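Structure first, commentary second.
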Amino acid sequence: MVLFRLDSSIRTEGSISREVADVVEEAWAGRVARRDIGLSPLPSDAWPAAVSGSHLPEEARTPEQRQALALAATLADELLDAQTVLIATPLYNFGVPAHVKAWIDLVITDPRFAPGNRPLEGKAVVLVAVRGGGYGAGTPREGWDHATPYLLRILGEVWGADVTLVEAELTLADVVPAMAELRDAAAASRGEAREKAATVGRAHAALTAA
């Protein structure tokens, strides 16, 4: 059984998205395949090359187009070959990290992920979404999180996955002096995320072992 883990934080030390994803992974008894697009982003020219190449016959494609389409196929295979997918992503500038968007765009160029297909139908996906501030109901920035709804729509509604969301907020409270009064709430949110991650990890591990 394979768990595919995708990390996207540009930080290693102090990354809460990585920390919470670690808790999910700790429960997994099988093999773990990894891709870290936070530390090793995909080539910025891969998506346009894949798009343009996908409309051409194989013999007419440039080497760059063939390489981009091969990369897209590899990314698609990583998702399709896994029993469970774990995606850990922070909120950057109120939206999805650019390298996550690049990953999604490139995956969609693979014919198996073309619009209208639901290639992850029923597949378990754990989405770890981490936000430095507070964006919940009643907060001044309610509705400013433009990443989580987008990711849920792509993973669940477009690709057909069975998505479980694990969230942590206020993760910058420990390092931003203006957020000092929110540190207790941040610790509570982090603890709740870790607890849910452990529960989710155990549940998915048990399902794959059954």
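The values are calculated or read from the model by the stated rules, or taken from the named source; none is laboratory data. These numbers were taken from a predicted model, which means no experiment stands behind them. Positions of Cβ are generated from backbone atoms using ideal geometry, with glycine treated the same way; all protein chains shown enter the neighbour counts. Remember, those area values only see protein heavy atoms, side chains included, never the ligands or the DNA or RNA. Shrake-Rupley method; radii C 1.70, N 1.55, O 1.52, S 1.80 Å.
So how tilted is helix 183-209 from the main axis of the chain? Cα-based, degrees 0 to 90, rounded to 10. Between helix and principal axis, roughly 50 degrees.
Classify region 1-97 from the C-alpha gyration tensor, please: rounded if a/c falls under 1.5, else prolate or oblate depending on whether a/b exceeds b/c. Taking the square roots of the gyration eigenvalues as a ≥ b ≥ c, region 1-97 is oblate. Amide H contacts for V126 (H built 1.01 Å from N in the peptide plane; partners 5 or more residues away or on another chain; cut-off under 5 Å): V85, L86, I87, T164. Across all Cα atoms of region 88-134, the radius of gyration (one decimal) and Dmax (whole number) stand at 13.1, 38 Å. Taking all Cα pairs closer than 8 Å and separated by 6 or more residues, the relative contact order of the chain comes to 24 percent. The long axis of helix 63-80 is offset from the longest Cα principal axis of the chain by roughly 50 degrees. Here E59 sits with roughly 140 square angstrom of accessible surface, probe radius 1.4 Å. Applied to region 10-27, the Karplus parametrisation 6.51 cos²θ - 1.76 cosθ + 1.60 on θ = phi - 60° returns per-residue 3J(HN,Hα) values of 7, 9, 10, 5, x, 7, 6, 4, 5, 4, 5, 5, 4, 5, 4, 5, 4, 7 Hz, with x for Gly and Pro. What FRET efficiency do you get for T208 and D36 if R0 is 22 Å and r is their Cβ-Cβ distance, rounded to the nearest 0.05? Using R0 = 22 Å, I get an efficiency of 0.45. On a per residue basis, the chain carries 50 Å² of accessible surface, using protein heavy atoms and a 1.4 Å probe. Local charge for V130 was computed over the other residues whose Cβ lies under 14 Å away, with Lys and Arg +1 and Asp and Glu -1, and equals -2. Within region 81-121, whose backbone N sits under 13 Å from a point 7 Å along Cα→Cβ of H146? The answer is 92-98, whose backbone nitrogens lie closer than 13 Å to the label point. The simple Förster model, with R0 at 41 Å and r as the Cβ-Cβ distance, assigns E59 and E13 a FRET efficiency of 0.25.
Taking every DSSP beta bridge that has both ends in the chain, the antiparallel portion is near 5%. The heavy atoms of S15 offer some 10 square angstrom of accessible surface to a 1.4 angstrom probe. Share of carbon and sulfur in the accessible area of the chain stands at 55%, probe radius 1.4 Å.
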